[in-house]
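Visitor: The structure that follows is given in the form of structure tokens.
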Amino acid sequence: MDSRYESMETLRNKCAACYRQFNKMEHLVEHMRTSFHSGHEPMCGICRKHCRSFESLREHLIGPLPKQECKNIFNIRGCRFCLAILDSSNTRRVHEGRCQFSNVNSGLISRFASMGIHDQLDNYRARGTQVVALACKMVGGGSDGSLDMCARVCIIDEYENIIFHTYVKPPLPVTNYRYESTGIRPEHLKDAMPVKQVQKRIREFLCNGEAMWKIRPKGSKARILVGHGLDHDLDRLQLDYPSIVIRDTAKYPPLMKTSKLSNSLKYLTQAYLGYDIQTGIQDPYDDCVATMRLYMRMRSQAHRKEDYPLASDPQNRNNFALSRQRELERMNPEEMLEISRSDYYCWCLDS
């Protein structure tokens, strides 16, 4: 086989999503079996390459070693926040003005929140399924003050209204109030709500009359819970909640680093929303707003509708089964991409 034929054969075995090339068709099939490419992946608006995360897409467009053609176009017509490609530089400027958020209002509201307890949980209890965001601020316990204990919690609705805000009395003595970042003083916790009472009120609100074991991804009355690093927050509140209704910006694959590690909320807010948080004394309301805005941005993506969008759906489980190897090898790359499905739940499916 001459080199020209090998080149043509390799080109034929080019992944229709990420554009990797393989010497043999069986290698491309194996790649598709494990890559879980789908229309839910972030995609370059210029060359249509699929990326595993928005950080990968950002590197493709403006990273240290970008695709030069895409970089040149992006510099003129690309939005640096949502990474969309617009029709012209003028359109891009108008779009970016709308795409960039401000934290002016959230800072004002958070200052009002700090003045006392806001408890609207009962007013929201009778409403249907909603999306809410939760954030906590921790003080230190233990002999060296390194044990995280929740001392303040905030919950907002999808319109950024405060539903619940309170100081929380930790179960152990506080040895480090971490005032420089939390702004919490001993007098804030003197008559604060005990953590067990906070836990009970939040659990009842989130479940919304639904038994925990009955909660399902669709058709449930339970509320979708948004946050960043929610495992830690819920653990400090001693609260269990089903993962199927949790939307964590620290664990959502499109928002993670190319190394599949979590990005900080501070970075995500600056990169994708266009403003800074967590400077000086930090307020849980600001964190709630940032995670809710990130969630709404991810949820509003216009992806192609599919009857069974996940690889875990029973109808898709055998799409790339070893028993179909010969049949798959006769497909072209576009046909394989057509039957490939995502291995994570895309938040666009919540809309």
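The values are calculated or read from the model by the stated rules, or taken from the named source; none is laboratory data. Computed from a prediction, not measured in an experiment: that's the story for all the values here. Here the Cβ is made from the backbone with ideal geometry for all residues, glycine too, and neighbour counts use every protein chain on show. Ligands, DNA and RNA are excluded from the accessible area calculation, which covers all protein heavy atoms including side chains. Shrake-Rupley method; radii C 1.70, N 1.55, O 1.52, S 1.80 Å.
Visitor: Scan segment 85-106 for residues that are surrounded by 15 or more Cβ atoms within 10 Å (Cβ to Cβ), farther than 23 Å from I224 by Cα and either touching an Asp or Glu at 6+ places or on another chain (Cβ under 7 Å) or modelled with pLDDT under 60 (or both) and jot them down.
Guide: Hit for segment 85-106 is N103, nothing else.
Visitor: Moving on. Kindly indicate whether L189 is open to solvent by less than 70 Å² (accessible area, probe 1.4 Å) and part of a helix (DSSP H, G or I). I'd like the intermediate steps shown before the answer.
Guide: Details: open to solvent by less than 70 Å² (accessible area, probe 1.4 Å): yes; part of a helix (DSSP H, G or I): yes.
Yes; evaluated as a whole, the condition is true for this residue.
Visitor: Then there's this: Output the residue which, of all residues in segment 128-179 that are of a type in the set (S, T, Y) and open to solvent by 10 Å² or more (accessible area, probe 1.4 Å), is nearest to I281 (Cα to Cα).
Guide: Here is the first cut: in segment 128-179, the ones of a type in the set (S, T, Y) are 129, 143, 146, 159, 166-167, 175, 177, 179.
Right, trim to open to solvent by 10 Å² or more (accessible area, probe 1.4 Å) and you get 129, 143, 146, 159, 167, 175, 177, 179.
Numbers: T129: 33, S143: 24, S146: 19, Y159: 24, Y167: 15, T175: 19, Y177: 12, Y179: 8 Å.
Checking each candidate, the answer is Y179.
Visitor: Shifting gears a bit: May I ask you to list the residues in segment 10-52 that are within 20 Å of the chain's Cα centre (by Cα) and open to solvent by 70 Å² or more (accessible area, probe 1.4 Å)?
Guide: Matches in segment 10-52: R52 only.
Visitor: Still on this structure, please answer the following. For Y179, work out the one condition from (1) of a type outside the set (A, V, I, L, M); (2) modelled with pLDDT of 95 or more; (3) more than 12 Å from R236 (Cα to Cα) it doesn't fulfil.
Guide: Y179 satisfies every listed condition except (2).
Visitor: Can you tell me which residue within segment 177-202, out of those that are β-branched (V, I, T) and farther than 13 Å from V139 by Cβ, is farthest from the chain's Cα centre (by Cα)?
Guide: Within segment 177-202, the first condition is being β-branched (V, I, T), and the residues that meet it are 182, 184, 195, 198, 202.
Narrowing the set further to residues that are farther than 13 Å from V139 by Cβ leaves 198, 202.
On the way: V198: 26, I202: 22 Å.
If we take residues in segment 177-202 being β-branched (V, I, T) and farther than 13 Å from V139 by Cβ, then V198 is farthest from the chain's Cα centre (by Cα).
Visitor: Follow-up. Would you be able to say whether some residue in segment 36-54 is in a helix (DSSP H, G or I) and either at pLDDT 95 or above or of a type in the set (D, E) (or both)?
Guide: yes
Visitor: Hey, can you tell me all the residues within segment 137-169 that are modelled with pLDDT of 95 or more and in contact with an Asp or Glu (Cβ under 6 Å, 6 or more places away or on another chain)?
Guide: M138
Visitor: Residue under question is Y345, and the condition is that it be open to solvent by 40 Å² or more (accessible area, probe 1.4 Å), more than 23 Å from I85 (Cβ to Cβ), in contact with a strand residue (DSSP E or B) (Cβ under 8 Å, 6 or more places away or on another chain) and of a type in the set (S, T, Y); does it hold? Step through it out loud before you land on a result.
Guide: Details: open to solvent by 40 Å² or more (accessible area, probe 1.4 Å): yes; more than 23 Å from I85 (Cβ to Cβ): yes; in contact with a strand residue (DSSP E or B) (Cβ under 8 Å, 6 or more places away or on another chain): yes; of a type in the set (S, T, Y): yes.
Here the answer is yes, as Y345 does meet what is asked.
Visitor: Going through segment 300-342 one residue at a time, which ones are without any contact (Cβ under 8 Å) to a residue 40 or more places away in the chain and in a helix (DSSP H, G or I)?
Guide: P314, Q315, N316, L322, S323, R324, R326, E327, E335, E338, I339, listed by residue number.
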